[in-house]
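Peer 1: A single structure is presented below for examination.
The values are calculated or read from the model by the stated rules, or taken from the named source; none is laboratory data. Note that the structure is a prediction, hence the values are computed from the model and not measured. Ideal geometry is used to build each Cβ from the backbone, glycine not excepted, and the neighbour counts take in all protein chains shown. Only protein heavy atoms, including side chains, enter the accessible area calculation; ligands, DNA and RNA are left aside. Shrake-Rupley method; radii C 1.70, N 1.55, O 1.52, S 1.80 Å.
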Amino acid sequence: MIESDAFVQALQDIGVDFFTGVPDSILGGIIAELMERRLYTPAVREDEAVAMAAGAYMSGKVPAVLMQNSGLGTSLNILISLNVIYRQPCILIVSWRGYQGKDAPEHLVMGEVMTQFLDTMKIPHRTLSEKTAIEDLKWLAETFMQQRTPVALLITKGVVKGLHP
Amino acid sequence: MRPEQGTMQSRAMAMAALLELLTDQPVIICNGFPSREAYEIADRPTHFYMIGSMGVASAIGLGVALAKPKKQVVIFDGDGNVLMGMGTLATVGALKPKNFIHVVFDNEVYGSTGNQPTISNVVPLEKVAKAAGYVNVERVREREDLVYEFKDMLKKDGPSMLLVKVNELVEDVGRVMLDPPDITKRFMKAIE
Ligand SMILES: Cc1ncc(C[n+]2csc(CCOP(=O)(O)OP(=O)(O)O)c2C)c(N)n1
Ligand SMILES: [Mg+2]
């Protein structure tokens with residue numbers, strides 16, 4: 001399991017310096033660490049977080065938005081009509097609820113279709129694993145710089161240490 | 001004329017008066033006719049014109065305000081837009097960026113899509129903002145009051161909301177003739 005502080009440090013090391021989002025339990029440890037480092041600006045909706053990140057990007061920041069995958073639905077319009085149309089990149093740290101069909105009922109549909117959904121929206125994505133973490137983050141930074149569109153890092157349960165070990 | 005009977009200025013007139021008081025401040029302008037009118041009145045590289053993304057002009061402005069604390073950030077918004085993104089009033093009110101001025105042109109309609117009524121005739125948005133934690137809020141109708149209050153807000157610590165009651169008149173203006181990626185690049189360079 002990846003420690004939350006190591007994960008946050010790795011994001012800072014690739015240059016991310018503006019963090020916002022809406023919590024999910026899988027992201028609990030990461031958000032706690034970000035708050036401890038006074039790096040986290042809480043949002044009330046994921047589309048608001050994506051828009052705030054866009055404002056920060058245009059002000060010279062490298063932004064990341066943390067969200068549960070259900071929040072991708074909430075953000076859809078902003079991701080398309082702001083980030084894609086205006087060519088504004090954003091790092092999305094998305095918890096993959098409903099992964100392999102094992103989760104509460106409300107997560108199962110999005111959990112199943114999420115990668116197709118991201119493909120349809122032409123949002124490049126990759127799933128974080130402990131073994132490949134270094135390459136995953138390198139890919140994240142490169143895609144952010146080169147493609148100038150949103151890019152998603154998907155996090156399944158138990159890969160990054162949560163609040164409740 | 002639906003909003004609070006009596007003489008009322010148009011949004012374009014109100015906007016022109018405000019743009020005269022601004023120089024190099026970043027201005028985020030919501031989608032629909034407000035962006036088109038601002039583009040027509042005075043096109044500046046510090047303007048971020050939105051097409052689409054209804055409801056998040058203030059969230060974009062908040063991101064700029066947090067990342068550029070030395071710049072005074074102005075948002076030109078519409079009543080329909082604010083109602084759609086009303087949660088952001090709370091986020092702004094809680095974070096209290098001092099450099100955040102939120103101007104809402106309230107014509108009580110979704111003007112850009114054919115004047116369907118909004119509910120801002122019964123929901124005073126400046127009071128919602130005040131309750132959420134905005135530091136200064138004002139509701140104005142007349143041009144003199146508009147200019148006076150806006151000048152005052154430029155001098156004060158925010159977040160501030162200036163709600164301007166305007167009539168439904170829309171200027172005969174075309175679309176914003178800039179490519180969105182160019183709007184991004186130009187705006188980024190101008191506020192560097
Ligand atoms: C998500 C979404 N829903 C609906 C629309 C269509 N639309 C464009 S502008 C607008 C009205 C905006 O109203 P307001 O903020 O009051 O500005 P006004 O047009 O009155 O100047 C609407 C409904 C849209 N662009 N996006
Ligand atoms: Mg309106």
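Peer 1: For the pairs A:Lys138/B:Lys68; B:Lys70/B:Lys165; A:Lys102/A:Lys161; B:Lys96/B:Lys151; A:Lys61/A:Lys157; B:Lys96/B:Lys185, note any where the Cα-Cα span goes beyond 23 Å.
Peer 2: In this structure, A:Lys138/B:Lys68; B:Lys70/B:Lys165; A:Lys61/A:Lys157; B:Lys96/B:Lys185 exceed 23 Å between Cα atoms.
Peer 1: Could I ask something else about it? Based on a Kirkwood Rh over C-alpha pairs, give the Stokes-Einstein translational diffusion coefficient of segment B:1-148 at 25 °C and viscosity 0.890 mPa s in µm²/s.
Peer 2: 159
Peer 1: I would also like to ask the following. Starting from 0.36 nm per residue, how many nanometres of slack lie between B:Ala94 and B:Leu21 once their C-alpha separation is accounted for?
Peer 2: Net length gain for the segment: 23.5 nm.
Peer 1: Something else now. Accessible area, 1.4 Å probe, largest first: how do B:Tyr49, A:Tyr40, B:Tyr110 sort?
Peer 2: B:Tyr110, A:Tyr40, B:Tyr49
Peer 1: Here is a follow-up. Write down the percent of antiparallel bridges among all DSSP beta bridges whose residues are both part of the protein assembly as shown, to the nearest 5.
Peer 2: Here the share of antiparallel DSSP bridges comes out near 5 percent.
Peer 1: Now for a different question. Based only on Cα atoms, what mean projected area does the convex hull of the protein assembly as shown have, in nm²?
Peer 2: Working: hull surface 70.6 nm².
Convex hull of Cα atoms, orientation-averaged projection: 17.6 nm².
Peer 1: Please compute how much accessible surface disappears when B pairs with A, both sides summed, using a 1.4 Å probe, and round it to the nearest 100 Å².
Peer 2: Values: alone 8850 and 8210 Å², together 15160 Å².
Interface between B and A: roughly 1900 Å².
Peer 1: Using a Förster distance of 35 angstrom, determine the FRET efficiency expected from the C-beta separation of A:Ala104 and A:Gln9, and round it to 0.05.
Peer 2: So the FRET efficiency works out to roughly 0.65.
Peer 1: Across peptide A:81-91, how many C-beta atoms of other chains are within 10 Å of each residue C-beta, on average?
Peer 2: 5
Peer 1: Now, a different point. Highest mean first, what order results for B:133-145, B:151-163, B:69-81 on Cβ atoms within 10 Å? Could the numbers behind the result be given before it?
Peer 2: Numbers: B:133-145: 16.8, B:151-163: 19.2, B:69-81: 23.2.
Highest-to-lowest ranking by the protection proxy: B:69-81, B:151-163, B:133-145.
Peer 1: Right, another one. Only helical DSSP H runs with n ≥ 4 go in: add -39500 (n - 2.57) per run for the protein assembly as shown, normalise by residue count and round the 222 nm mean residue ellipticity to 500 deg cm²/dmol.
Peer 2: -12500 deg cm²/dmol
Peer 1: Once you put a point 7 Å from the Cα of A:Arg87 and another 7 Å from the Cα of B:Leu83, both along the Cβ direction, what distance in nm separates them?
Peer 2: With each label point 7 Å from Cα toward Cβ, the separation is 3.7 nm.
Peer 1: Give me the percent of the accessible area of the protein assembly as shown that comes from carbon and sulfur atoms, probe 1.4 Å, all protein chains in place.
Peer 2: Within the protein assembly as shown, the accessible surface is 54 percent carbon and sulfur.
Peer 1: Considering every residue in B:173-181, what mean count of other chain Cβ atoms within 10 Å of its Cβ is obtained?
Peer 2: Numbers: counts 0, 0, 0, 0, 0, 0, 3, 7, 5.
That average works out to 2.
Peer 1: Send over the Kirkwood Rh of chain A, from the inverse of the averaged 1/r over different Cα pairs, rounded to one decimal Å. Before the final figure, lay out the partial values.
Peer 2: Working: mean 1/r = 0.0645 Å⁻¹.
This gives a value of 15.5 Å.
Peer 1: Related question: Residues of segment B:32-57 with the amide nitrogen closer than 19 Å to a label point 7 Å from the Cα of A:Lys122, along Cα-to-Cβ, please.
Peer 2: Inside the label zone: B:51-53.
Peer 1: I've got another one for you. When the scattering of segment B:92-192 is computed by the Debye formula from its Cα atoms alone, each counted once and equally, what is log10 I(q)/I(0) at q = 0.10, 0.14, 0.21, 0.22 Å⁻¹?
Peer 2: The Cα Debye sum returns log10 ratios of -0.38, -0.73, -1.12, -1.12.
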